[in-house]
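Peer 1: Right, I'll just put the structure down here and ask away after.
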Amino acid sequence: MHRQFLKDTASLALTAFGGPQAHIAMMLDLFVEKRKYLTTEELIEYNALCQFLPGPTSTQTLVSVAYKIGGPSLAAMALAIWILPAVIIMSALSFGIFYLQQNQIDLSFLKLVYPTAVGFIVYAAIKMSSKTVKDLNTILIFAFSIGLSLMIRNPWFLPVILLLGGIISNFSKQETEMVDRIIQKPKWIFLILFFAIFAGSFLAVRLTDNKLVDVFETMYRFGSLIFGGGQVLIPFMVEELVMQKEWITTDEFLTGWAMVQAVPGPVFSFSAFAGGLSMRENGTTLQLAGNALSAIGIFLPGLLLIFFVYPVWQNIKRYEVIQKALKGINAAASGLVVTAAVVVFQTLGFSWMNLAVIIAVTMILYFSKVPSPAVVAMALILGFIF
């Protein structure tokens, strides 16, 4: 069964376009209907578990299924297989962009890709807010998140906004689902390792002033603090990588973000692109190291948290404070994506062409079933023509 599961994971890694929702649908078809690895209820349960954790939701759901079947070793192997194709593609793209820049090749054919990426961000904001902003409490948190993140432009403050969203939502009187308690012993070593790497990498950056260490620490921090899936990466990366540290430009960010929509597998693989470009001036070897360490850094926290939380999930989810906090965190995360759309659009610069492309892409994604890769391909083709 273990070998077959890894083969099935590889199949998903090469065909799972469309983001987390599509990933879960494909897992339901393959893991539940065809292979009978678990029940529909169990898959939904695991997906709910991962909503409570920072990190890539669909990736952690897959890791949870692997953990159920074969424990931590199978889960780690499944994660590696799941992320590898997307990481390789996005790493190669970082080298491709750098090659074009070095040889002064005209990149004007990408001009429609930039507003297309903004369209993807706007669509993500609409979809996320429609699912997370449902009552007065979450509306207020959503608005609070947008206002505060626009006023205080600091990447370190974004997790504080998410935390405040969780705290505020606990003042809600909305009832939560009661869950029976099952006693399980937690595996503390994984939680200790999670915090040890977080603190250790933070200190290493301050002590060594090494850019590669800084890249790893940044991505590990993103993977440790981001709730709501890959779309919530946008405000964190724009604020820190583009605005604060200036490791990549807005155009490079938008190019990579548009391209990752056309790549199967997890959206978090975008980290390999951003991390590689961040190290481009340091030679091929260090750029490859940037690709690899960025991917490891952003996916490792989610893996460690699944290893810790999975055995004690039945204990954790019964607490009302956790259930309420998640609603506020998700509403705040949706607000941050709105802020990211505003900031990126401002950086892109206003033109009627950009605005028209953004609106068109948003409407295509919202009202039709045109797949994301096709939208990106259209932007590239039209960019060549016009």
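A short reminder: the numbers here are calculations on the coordinates, not readings from a lab. Small disclaimer: the values here were computed from a predicted structure and weren't measured. Virtual Cβ from ideal backbone geometry, glycine too; neighbours counted across all protein chains shown.
Peer 1: With 30 Å as the limit, write out which pairs from 7/245; 68/211; 127/324; 36/134; 111/245; 68/324 have Cα-Cα distances beyond it, or answer none. Walk me through the intermediate numbers first.
Peer 2: Values: 7/245 40 Å; 68/211 38 Å; 127/324 21 Å; 36/134 35 Å; 111/245 24 Å; 68/324 27 Å.
The answer is 7/245; 68/211; 36/134.
Peer 1: Just for the Cα atoms in the stretch 81-385, what are the lengths along the principal axes, largest first, rounded to whole Å?
Peer 2: In descending order, the Cα extents are 60, 44, 36 Å.
Peer 1: A further question follows. What translational diffusion coefficient, in µm²/s and rounded to a whole number, does the Stokes-Einstein relation yield for the stretch 272-371 at 37 °C and a viscosity of 0.692 mPa s, taking the hydrodynamic radius as the Kirkwood radius over Cα pairs? The partial results should precede the final answer.
Peer 2: Values: Rh = 18.0 Å.
Translational D for this selection: 182 µm²/s.
Peer 1: Enter the angle in degrees (range 0 to 90, nearest 10) between the Cα long axis of helix 188-208 and the first principal axis of the Cα atoms of the chain, meaning the one along which they spread out most.
Peer 2: The helix 188-208 is inclined about 30 degrees to the chain.
Peer 1: On to the next question. If you rank 2, 23 by fewest surrounding Cβ atoms within 10 Å, what's the result?
Peer 2: Working: 2 14, 23 26.
Lowest count first: 2, 23.
Peer 1: Helix 136-151 versus the longest principal axis of the chain: what angle, 0 to 90°, nearest 10, using Cα atoms?
Peer 2: 40 degrees
Peer 1: Now a separate question. With 10 angstrom as the radius, rank 253, 350 by how many other C-beta atoms surround their C-beta, starting from the fewest. Mind showing how you got there, number by number?
Peer 2: Working: 253 24, 350 9.
If I rank by nearby Cβ atoms, fewest first, I get 350, 253.
Peer 1: What ranking do 246, 42 get, fewest neighbouring Cβ atoms within 10 angstrom at the top?
Peer 2: Fewest-to-most Cβ neighbours within 10 Å comes out as 246, 42.
Peer 1: For helix 57-102, what angle does its Cα long axis make with the longest principal axis of the chain, in degrees from 0 to 90 and rounded to 10?
Peer 2: Tilt relative to the chain: about 10 degrees.
Peer 1: Follow-up. At a 10 angstrom cut-off on C-beta neighbours, averaged per residue, how do the peptides 110-123, 273-286 rank from highest to lowest? Can you show the working numbers first?
Peer 2: Details: 110-123: 24.8, 273-286: 21.1.
Going by the mean number of other Cβ atoms within 10 Å, highest first, we get 110-123, 273-286.
Peer 1: May I ask you to work out the translational diffusion coefficient for the stretch 2-80 at 4 °C, viscosity 1.567 mPa s, via Stokes-Einstein with Rh from the Kirkwood sum over Cα pairs, reported in whole µm²/s? Before the final figure, lay out the partial values.
Peer 2: Details: Rh = 12.3 Å.
For the chosen part, D equals 106 µm²/s.
Peer 1: Quick one: go through the stretch 86-111 and flag any residue whose amide nitrogen is under 18 Å from the point 7 Å out along the Cα-to-Cβ line of residue 377.
Peer 2: Correct set: 110.
Peer 1: Could you go through the stretch 352-362 in sequence order and give the Karplus-derived ³J(HN,Hα) for each residue, using 6.51 cos²θ - 1.76 cosθ + 1.60 with θ = phi - 60°, rounded to whole Hz, and x for Gly and Pro?
Peer 2: 5, 5, 4, 4, 5, 5, 4, 5, 4, 5, 4
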